[in-house]
1. Evaluate the relative contact order of the chain (contact order divided by residue number), counting alpha-carbon pairs under 8 angstrom at least 6 apart; express in whole percent.
2. Would you work out which of Pro926, Phe120, Thr757 lies farthest towards the positive end of the dipole of the chain, given +1 charges on the beta-carbon of Lys and Arg and -1 on that of Asp and Glu, about the Cα centre?
3. May I ask you to compute the full-extension gain from Leu886 to Phe781, defined as 0.36 nm times their residue separation minus their alpha-carbon distance, rounded to one decimal in nm?
4. Place a point 7 Å from the Cα of Glu280 along the Cα-to-Cβ direction; which residues of the range 188-206 have their backbone N under 13 Å from it?
5. Per 0.36 nm of contour for each residue apart, how much would the distance between Val873 and His594 grow if the chain were fully extended, relative to their Cα-Cα spacing?
6. With the cut-off at 22 Å, tell me which of the pairs Lys482/Lys524; Lys203/Lys264; Lys472/Lys525; Lys296/Lys569 have Cα atoms farther apart than that.
7. Work from the charge dipole of the range 309-564 (Cβ charges, +1 for Lys and Arg, -1 for Asp and Glu, about the Cα centre) and give the residue of Met461, Thr545, Gln352 farthest towards its positive end.
8. Under the classification rounded if a/c is under 1.5, otherwise prolate if a/b is larger than b/c and oblate if not, where does the range 438-546 fall, given a ≥ b ≥ c as square roots of the Cα gyration tensor eigenvalues?
Amino acid sequence: MQQRIKNNKLIISVLILISSISIADKACAQIFGGEQNPLSVNWRQINTSGFKIIYPVELESEAQRMANNIRYIFPKVGRSLSVKKTTIPIIFQNQGVIANGFVQLGPKKSEFNTTPPQSFDSQDWLNNLAVHELRHMAQFDKLTSGRPYPFPEEVYFAWMGVSIPLWFFEGDAVSNETSLTHAGRGRQPSWIMPYRTALLQGKNLSYSKANFGSQKDVTPGYYQLGYLLASHIREASGKFVFDSVLTDIKNRPLRIYPFAGSLKKFSGKTGRAWYLHTAEKIKQDWEKQAALSPSKDYPVLNQEAKYATDYNLPVKISDGSILVLKQSKAAAAAFTLIDKDKREHRIQGIGQQEQPWFSYANNLVVWDEIRLDPRFQQRSYSVICSYNLLTKKVKKLSTRSRIFSPTLSADGSKLVAVQIDLSNKIQLIVMDAANGKIIRTYPNPEQLLLQTPAFNSTGDMITYVSVSEKGKALWTVDSNGKTEKLISETQQQLSRPVFIGRDIAFNAHYNGINNIYSIDVVSKKISALSASKYGAFNPSVINGTDSILFNNYNLYGYEVAQTKIEALKTGKDNFVFFGKAAEEQENTGNVFDHIPDSSFTSTPYRKLGNLINVHSIIPVIADEYKGGLQLRSNNLLNTFDAYAGVNYQRDLGRFEYNAGASFKSLYPIFNVSFTNRPRRTFYSTGMGTRQGDWRENYVKLQAIVPVNLSAQNHNYNFSVNAGTSYTQRYEAENLPANFVKSIRFPLETGFTFTHTTRTAERDIAPKWAQVLKFSYFSQPFDKQLSGDLFAAAGFLYFPGLAKNHSFLANFNFQEATGIRTYNNEINTVYGYNNIMAKSRLKNTLLFNYRFPLFYPDVEIGPLAYIRNVRGGVFCHYENLGTDSNLSQPKTYGFELHGNMNLLRYQPNVDLGTRFVFVNKEYHHNPIFELIVNYTF
């Protein structure tokens, strides 16, 4: 048997496990993407106390406010890590509607997406971001000593990734946001609810499963896990335990499992030992809470789930079916009808949302959906869509809008929603549900953050939630614009109010568990409507009855339940607050209570004057024969990247020099690169084979125009590229007289079209997808080196025989002449490089069928955590019509893959084997391949 190892190129920057650390619970750490804003954005800056705040001109007032807040609170944020000051640029992004924030190195910066979401904490959104992200800045400065010089940034970032688990970074930051304010996710029962549910139902999760997740079960994730561990460790070992741990890691960086070793040194336990200890303690605390909190069991109205599945926002429609927005590990989000026998009927898939949301009335469904700008994907929109259950037609009611949480009136004729402009000014609007025209706006003079409005039954009154630094409040506004505050500012997580007669139902956690409550708008008396053991959400009235539908949380997610509308006691608050010790250690109260009100000088931020930002020099290993160093520059707005490097080619014993840049401000992306490199070839002469060597200067210029479009659950991508190059050869040694010393401006052009449908976590590939790719290479300016090549490829993805199976048919064709006769620009059969070809490659037809086998969630000690195991079979043809036919594949076989985390580190490693059997006419032994890939 022959063996081949297939691996990714090893570049130290892709070892970064924490390259974006985000405040959003649902966000995963991911490689910094580098999206751009439109060139029209006018940037300004404020410099104060080591911070540079860069922001669009529309956010002038917000930038002034946050300049005061950030410089005032940072010493308190970093105090328990003994970090008093920092220097870091903070970029406010206002063009997008996806709420998030992150801190990174390489280059060192933080970004705040300033548009507030429709569901978050009970404090100001930018304050919420600041108190979390500034803690990440303090963590980074603690580990790097806050060094301002540029060169080690990516190396530091990579080292952090392989030294410190993500649960620490995020858990410590959540503990900090909770301790330094009266808000914070550590005070929210719904945030920790999945883990509480699992433990109380006897579901014991391994350390790796709780940290890295599962494609089968609901798991807490590294935010929640980290908060619990950080809180418990600080309670047991004191306020400055993580200061000691990070200092020890910084002073002794080159160790296996440095975090576990340092944590044990200063707290007595490793991370895993703390996890086991914490899980046992919090289970006991939650069992006591459950005993003190009376609860009810509610019949489940949906099919019994066998893996993580959410039936969000249930509502009874006119024919008696239940309409939900269903999403699971195995299926992407789609509107689904559940009939009286619990049979499900999928009716319409939808696109990405900031949070699950829709409204139903009179056979009409409306929802908000995120759409990205076709080119500048820092810019995104929240558009309103509708679906008519009778006509089955989808309509887009707004375009390039920033409108959220649409809710229909009872007759379906109009909808109320929240509109947010680029300066973060927020107002309620009323739209015509037939054409999307805005027919009324409600003023918001106090500039409160408004959330999730809803009409009463007659459409002449609206209820909504407001958010400010004081907390959340519940309001009504009538048709005359008169507002009334029904519930004053509170730290209760008030959300999604709906009218029930003259009362208003809403979600809160008065008894320490998220449940549904109602308030009498006249007497202001609050009563409970549900008594869920784990959490109840999203009430909707069943017309003509005295009952409501709602989401009842259980082991596998949000189920559909029903209960009568009857008042219950709100109950005593039995919430288990794990952050109490850390809060007492910090002893700050709300750090935003006494902020100075200074004015800062604002100046233009010159985009052209800030193109160069050298931040790192990194080692690069291209392959087993070539490696070296590379100097990197990325500007803060992601519009200009540059590099320069040197590699040593071990097989030739010579150095290679390279440099390049990418300019991304315009609609096309322009790339230019230069390489000075040694080359070697072997050629035949009358005296046998000889070796020839030379050096060459190679310059390449390329322009790319990427276009990305989306609609509901469909995504469309177009890419057009054109490039040319110039090669000048010199220092030729032992080469023939006809050796070509220059290659002048060959043209390389291409076009790619991709259509995909939205996928679920378990999907190996989209159920339906098409990819068309065309390439053309020619030599129009160099007649002595004439020749061209045309290549085309088509990929067709189809659903397999069972859920999450995938079938791919890939046809490839190329026609080459002249100097390109033996170039290969198409996909080849598996094992191609190990099999002697019978003729020049002209076409291939590749059939691949891949399928999941099982989801073990097995932790093999500290060695590996295996998340899934997948299989596949393939049948590949080459040169159909000449060398073979459909009854004679060139290669065929099977493969086996497993997705896992190794040594308790964050990268998802795909480890696989492939057995390739070769058509007998090639007289070749079977080929065995080992496949290793990794993602973050």
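1. Details: 2355 pairs, mean separation 103.6, N = 936.
About 11 percent, as a whole number.
2. Highest projection toward the positive end goes to Pro926.
3. Length gained between Leu886 and Phe781: 33.7 nm.
4. None, by backbone N distance to the label point.
5. Answer, rounded to one decimal: 93.9 nm.
6. Details: Lys482/Lys524 17 Å; Lys203/Lys264 27 Å; Lys472/Lys525 17 Å; Lys296/Lys569 13 Å.
Violating the 22 Å limit, Cα to Cα: Lys203/Lys264.
7. Farthest towards the positive pole: Gln352.
8. On the way: a/c = 1.96, a/b = 1.24, b/c = 1.58.
In terms of gyration-tensor shape, oblate.
Here, each number is a calculation from the coordinates, and none is a lab measurement. Here the structure is a predicted model, which is why all the values come from computation and not from measurement. Don't worry about glycine lacking a Cβ; one is built from the backbone with ideal geometry, like all the others, and counts go over all protein chains shown.
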